Amino acid sequence: MTVENSNLKDCFIIHPRVFEDDRGYFYESYNKQGFKKKTGLDIDFVQDNQSQSSKGVLRGLHFQVGDYEQAKLVRVIKGSVLDVCVDLRENSETYLKHFTLILSEENKKQLFIPRGFAHGFLVLEDNTIFSYKCDNYYHKESERGIIYNDPDLAIDWRFENSQLLISDKDKVLPSLQKYQKQR
């Protein structure tokens, strides 16, 4: 595995070592010792999640707060997504900056998203399977979000709004400014 820094502090792109031949491929999708050695982070992932979505589905921007903040290691098993994370850590040099990356079954890249970040993704192909590890358990009362099209964040989702499939819950998430005032 190789680890590449993103433009956000503590957010890493993980490139697994893939072995391919005429039978197919093999790669180690996660190794705790290797991850710690390459990133310097000792993360204890406790929950794995997986979703399947159609092209145009946008999920996010989600995060948890307080004792239930989560770091995530995300990847695509089938299909592709535009993955987006936003640094919400007020003491960070990359506060309120965002990072986007295409994750796909072809490139097999993974993205490590530290605690204190909002996360979302846009599905680019039908029947995409998205998988992620979390270092903390889901806790409904600690769940928060910011609207995907927040003008202050100015994320380029690369799709027209009319092409997006968004849950009713995600359509009414607060703006960044409103979220900051509510804290």
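The values are calculated or read from the model by the stated rules, or taken from the named source; none is laboratory data. In this text the structure is predicted, and so the values were computed from the model without any measurement. Note that each Cβ is placed from the backbone with ideal geometry, even for glycine, and that neighbours are counted across all protein chains shown.
Between F45, F130, F99, F112, the distinction of being crowded, with 16+ Cβ neighbours inside 10 Å and closer than 16 Å to L153 by Cα belongs to F99 only. Close contacts from region 62-87, counting a first residue that is at negative phi and among the hydroxyl-bearing types (S, T, Y) and a second that is assigned to a strand (DSSP E or B) and modelled with pLDDT of 95 or more, with Cβ to Cβ under 7 Å and a gap of 6+ residues or different chains, come to S80/I102; S80/L103; S80/S104; S80/T128. Per the conditions (1) in contact (Cβ under 8 Å) with a residue 24 or more places away in the chain; (2) more than 22 Å from Y137 (Cα to Cα); (3) in contact with a strand residue (DSSP E or B) (Cβ under 8 Å, 6 or more places away or on another chain); (4) outside any strand (DSSP E or B), the sole criterion not satisfied by Y95 is (1). Remark: pairs (first residue in region 33-48, polar (S, T, N, Q); second residue in a loop (DSSP other than H, G, I, E, B); Cβ separation under 6 Å; 6+ apart in sequence or on different chains) = Q47/Y137. Only one of D48, D10 is assigned to a loop (DSSP other than H, G, I, E, B) and over 24 Å from Q177 (Cβ atoms). Can you tell me which? D10 is the lone residue from the list that is assigned to a loop (DSSP other than H, G, I, E, B) and over 24 Å from Q177 (Cβ atoms). Residues in region 135-183 that are assigned to a loop (DSSP other than H, G, I, E, B) and aromatic (F, W, Y) were compared, and the one that is modelled with the lowest pLDDT is F159.
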